[in-house]
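This report refers to the structure that appears directly beneath it.
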Amino acid sequence: MLRDNTYLTNRIATGLRWTAMGAGIDWQGFMSSEVFSSSVILPGSCIGMLGGGQLGRMSILAGRRLGYRFRVFDPLPGGPAAMVADEDVNGAFDDVEALGRFAAGLHVATLEFENVSKAAVEAVSAHAPVHPSAELLSVCQNRRREKIFFRDNGFPCVDFRVADTEESFRAAVDAVGLPCVAKTTSFGYDGKGQRKISASGEIDSAWASFRGKEVIVEAWADFEGEFSVICSRNARGETSVFPVAENVHRNHILHTTVVPARVPELMAREALDLAHAIAERSGLVGLLAVELFLTAKGWLVNELAPRPHNSGHYSFDACATSQFEQHIRAVCGLPPGDTRLFSPVAMVNLLGDLWSSKEPDWAGVLRHPRAKLHLYGKPTARAGRKMGHVCVLGDSPESALKEAVAIEAALRA
């Protein structure tokens, strides 16, 4: 079991202190402490958001309730985050002059997606602190560096090899065995830039499809399910985890999330411990989603996302503190909020496919008293594009999931 793995041994040995779900916070003592007064970014300050999508939008909505102001940097004007921000600065992510205008006067900056260059983060860092750091972002946005981080720190992951030539690609496949999965090391998400190889006859075409890019070849994980844990950590090392989420993907895009995950309590605790240890070891300041596979031998870490995550959307409606508020708290140096789950919940993504013939029947969704509709305000619907989501609160994970799936199916009808 994972309790014998290196990461848990090290966690116990170093006596890590963290804030578990539902733990109490001594707000009065913290607010009056010298540490708080010297490091916290107070409400009324201006937070910069690198990226203008729906994750930034929901983070801004949560931060506005706390009294913060927001400036968004996005290549295009009028995106989902810009609609709810105070200012919208537009420019390419390699436009140093535009990044300087964005960063001027900010108290802190963060990001809502990880395909931001390290150089862009460093350019903003010259004017204001940026969380998460450019170093952590660099690890998370490259599968080679990410897997090496897992391996070198004793976190359980699949066997892997890296290839950048046809010869090294063949050697990598031979080393990890068939079936396996080949992925580009950079700029891959929602299934983009990856291919399963089931037989030796597929190796040539697989390599040709990558057109000479650096590739990571991973052993096939015969997993029982896909899960995730959202973890936050501030600069003082105060860490908090959300309940384990159980995820189902369609065409490599998240379709449904159910919380609490339907796994034994011991396995859930191990997943939370694993996420917490990764946050500590990585030096996280901000929010981190840890994507996991559950196998017959225990947990495997698949990927990291240093930002709010699609599988954490349920927290807006079902938790004492949402992942988006926790994101703002962490980057501003506030203590973490209570992450307790008030109700079983299921989330279903609403993709652009639903708009193929007409505007979906939102009134039909809203007739469900325990359904919560979230639309992102994107002007154009495309197949596979995330346009919104619905969360359904239920008496059990099963009942919530059943109703969420039925609502999405009715929108398709």
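Note on ASP94 and PHE223: the model spin-label points, each 7 Å out from Cα along the C-beta direction, lie 3.3 nm apart. When each of the peptides 269-282, 202-215 is scored by how many other beta carbons lie within 10 Å of its residues on average, the order from highest to lowest is 269-282, 202-215.
The mean sequence separation of alpha-carbon pairs under 8 Å and at least six residues apart, normalised by the residue count of the chain, gives a relative contact order of 15 percent.
Sorted on the mean count of surrounding Cβ atoms within 10 Å across their residues, most packed first, peptides 259-265, 308-314, 399-405, 108-114 read 308-314, 108-114, 399-405, 259-265.
In this simple spin-label model, placing a label point 7 Å from the Cα along the Cα-to-Cβ direction at both ALA409 and ALA363 gives a separation of 2.4 nm.
Would you compute, from DSSP H runs of 4+ residues alone, the mean residue ellipticity of the chain at 222 nm, taking -39500 (n - 2.57) per run and dividing by the full residue count, rounded to the nearest 500? Could you put the intermediate results ahead of the total?
On the way: 15 runs with 136 residues, N = 413.
After summing the helix terms and dividing by the residues of the chain, the value is -9500 deg cm²/dmol.
For the stretch 378-413, no residue has its backbone nitrogen under 13 Å from a point 7 Å from the Cα of LYS213, taken along Cα to Cβ. Compared with the direct C-alpha span, the chain from LEU266 to SER45 gains 75.4 nm at full extension, assuming 0.36 nm per residue. Applying 0.36 nm per residue to the separation of ALA126 and SER396 and subtracting their alpha-carbon distance, the gain on full extension is 92.3 nm.
When only C-alpha pairs under 8 Å and at least 6 residues apart count, what is the relative contact order of the stretch 273-413, in percent? Could the numbers behind the result be given before it?
Numbers: 212 pairs, mean separation 27.7, N = 141.
Relative contact order, the stretch 273-413: 20 percent.
Report the local net charge at ASP86: Lys and Arg +1, Asp and Glu -1, summed over other residues whose C-beta lies under 10 Å from its C-beta. Let's see the in-between values first.
Details: positive: ARG64, ARG69, ARG71; negative: GLU87, ASP88.
Every neighbour counted, the sum reads +1.
Sorted on the mean count of surrounding Cβ atoms within 10 Å across their residues, most packed first, peptides 118-129, 283-294, 62-73, 222-233 read 283-294, 222-233, 62-73, 118-129.
The numbers here are math on the coordinates, done by the rules we state, and not lab data. Just so it is clear, the model here is predicted, and its values are computed rather than measured. Here Cβ is always computed from backbone atoms with ideal geometry, including for glycine, and neighbour counts include all displayed protein chains.
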